[in-house]
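Below you'll find the structure, written out as structure tokens, and then a few comments.
The values are calculated or read from the model by the stated rules, or taken from the named source; none is laboratory data. All values reported here derive from a predicted model rather than from experimental measurement. Note: ideal-geometry Cβ built from the backbone for every residue, glycine included; neighbour counts use all protein chains shown.
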Amino acid sequence: MKLIKNYFIAFQCAILFIFSSVPTFILAQEARFTVVLDAGHGGHDPGAMGAFSREKDINLAIELKLGTLIEQNFKDVKVVYTRKTDKYLTLQERADVVNDHHADLFICVHTNSSLSPAAFGTETFTLGLAKTKANLDVAMRENSVILLEEDYRSKYKGFDPKSVDSYIMFEFMQDKYIDKSVEFSSAVQKQFVSSGRTNHGVRQAGFWVLHRSACPSVLVEVGFISNPAEERFLMSDQGQKQMATAIYNAFVDYKKSHDKRSGHRISTAAKIESAVPADESAQDKASIQSEGNQKPVAKDIVRRQKMADASKLPDDTSKTTKVLTPVTLQRDNRANAKPIFKVQIFAARVELQKNAPDFKGLDNVEFFIENKHYKYTLGAETSYFKIQQIRKSILSKFPDAFIIAFDGDRKLSPKEVLELSR
């Protein structure tokens with residue numbers, strides 16, 4: 001009897017131990033960080049073509065080296081590859097990999113190209129409206145792979161990668177992952193500079209694959225395949241290791257920041273020192289030095305700000321364009337009031353004269369102040385169609401112009417503007 005009793009007690013203890021361990025195990029599984037690595041293009045889609053190389057091969061080589069570094073140094077990180085071989089995937093299939101694995105971070109590796117063989121340097125993109133023609137050109141080129149698919153218009157909900165109008169949709173999107181995406185993008189560019197590459201900064205553009213991925217997502221352009229010196233560098237084993245190491249070092253910083261925010265044990269993985277190749281082109285070095293000596297410009301394009309109090313508007317407006325306060329947008333009859341659409345052409349930290357060359361000959365430019373920035377606008381229409389026509393008419397001069405709206409004294413969110421535009 002005593003033996004049975006002892007056995008029963010031991011059995012209870014074993015059961016208790018097992019069940020008490022399950023939550024810890026589950027939490028450990030849930031806490032695991034997942035990063036999805038995507039080598040752009042592949043299979044029958046070669047991407048950009050160099051004098052002797054293909055973009056898809058460069059992207060894959062860097063992606064595999066990056067994945068190996070993460071796997072070797074982070075035991076608590078799951079690395080998922082969209083492709084590890086030369087195969088073709090649609091943009092949506094790549095995004096599906098991200099979402100199916102509930103990724104914490106998505107890194108797309110691409111190689112840039114230009115009509116000018118002199119173009120060189122690195123840049124990292126997050127999702128957003130292309131603020132310059134150069135950004136739009138990159139997005140159009142990378143999105144153009146969907147043209148290889150049958151019935152791409154229905155699959156991608158009418159999105160046409162060749163049409164500028166299709167990219168207007170990104171103007172109204174509020175990406176909840178944008179802050180973390182920018183955080184990682186900035187870390188990547190910082191590491192590229194540390195490893196001796198030229199920095200073209202963090203940019204925004206309408207990339208479909210980033211749009212469809214539900215996590216912080218970036219698209220890294222590691223250099224220009226159209227530049228002979230960079231092509232040789234990116235095709236070399238040393239160059240590919242250098243670029244993969246730079247992205248890995250950025251990941252180290254990002255992961256530590258993520259662990260701190262999440263309350264997890266902070267990763268102890270260390271960065272890897274990356275030496276600048278001895279055969280770095282003199283042109284590239286000179287450009288880096290020149291870029292580092294540039295002075296900050298007076299104007300600064302503003303992406304997102306909160307509306308400032310009207311009491312902060314300047315008192316003296318006699319030498320400026322018309323000050324458009326929220327109050328002036330209100331209608332006498334609020335029952336019949338309609339939202340007012342306007343085209344924001346740019347924002348600056350300085351107050352510009354009415355005849356300033358920045359306006360490129362435009363008349364009737366107005367401005368309002370938002371968080372101490374002067375935001376210059378054109379037009380005031382209750383018809384979205386009419387404001388679209390105004391925007392299209394100035395795109396050649398102001399490619400970064402976009403539509404905003406006010407309802408009385410309240411500036412509408414991009415989501416609300418999108419609803420009104422339908």
Of everything in region 78-121 that's over 25 Å from R197 (Cβ atoms), aliphatic (A, V, I, L, M) and out of contact with any helix residue (DSSP H, G or I) (no Cβ under 6 Å at 6 or more places or on another chain), which residue is surrounded by the fewest Cβ atoms within 10 Å (Cβ to Cβ)? V80
Looking at this structure, is F224 within 15 Å of D57 (Cα to Cα) and surrounded by 24 or more Cβ atoms within 10 Å (Cβ to Cβ)? yes
Of all helices (runs of 4 or more DSSP H) completely enclosed by region 1-119, which ones contain at least 2 residues that are of a type in the set (G, A, S) and modelled with pLDDT under 90? 2-31
Could we say that K131 is charged (D, E, K, R), in the same structural domain as A103 (by TED's automatic domain parsing) and either at pLDDT 70 or above or over 21 Å from T82 (Cα atoms) (or both) here? yes
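To keep it simple, each residue is scored yes or no on (1) more than 24 Å from A48 (Cβ to Cβ); (2) of a type outside the set (K, R); (3) out of contact with any strand residue (DSSP E or B) (no Cβ under 6 Å at 6 or more places or on another chain); (4) modelled with pLDDT of 90 or more.
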position	(1), (2), (3), (4)
R232	no, no, yes, yes
G239	no, yes, yes, yes
A250	no, yes, yes, yes
D253	yes, yes, yes, yes
K256	yes, no, yes, yes
D259	yes, yes, yes, yes
I266	yes, yes, yes, no
Flag for A187 being touching a Lys or Arg at 6+ places or on another chain (Cβ under 9 Å), farther than 19 Å from L64 by Cβ and in the same structural domain as E123 (by TED's automatic domain parsing): no
Flagged in region 367-402 as aliphatic (A, V, I, L, M) and assigned to a strand (DSSP E or B), in numbering order, are I369, L378, A380
What do you reckon, is N59 within 21 Å of A246 (Cβ to Cβ), in the same structural domain as S226 (by TED's automatic domain parsing), surrounded by 14 or more Cβ atoms within 10 Å (Cβ to Cβ) and in contact with a His (Cβ under 8 Å, 6 or more places away or on another chain)? yes
Please go through region 367-389 and give me each residue that is aromatic (F, W, Y), within 13 Å of A405 (Cβ to Cβ) and modelled with pLDDT of 85 or more, ordered by number. F368
Provide a single number: the residues in region 84-128 that are touching a Leu at 6+ places or on another chain (Cβ under 7 Å), within 25 Å of S186 (Cβ to Cβ) and of a type outside the set (V, I, T). 4
Please enumerate the residues belonging to region 202-219 that are in contact with a strand residue (DSSP E or B) (Cβ under 6 Å, 6 or more places away or on another chain) and either within 12 Å of V138 (Cα to Cα) or not in a helix (DSSP H, G or I) (or both). V202, R203, Q204, A205, F207, S213, C215, P216, S217, V218, L219
Considering region 69-87 alone, what residues qualify as being under 28 Å from R232 (Cα atoms) and in contact (Cβ under 8 Å) with a residue 60 or more places away in the chain? L69, I70
Would you tally the residues in region 349-366 being modelled with pLDDT under 90 and part of a strand (DSSP E or B)? 1
Could you list, in sequence order, all residues of region 341-365 that are touching a residue at least 40 places away in the same chain (Cβ under 8 Å) and within 30 Å of the chain's Cα centre (by Cα)? F341, K342, V343, Q344, I345, F346, A347, A348, R349, V350, D358
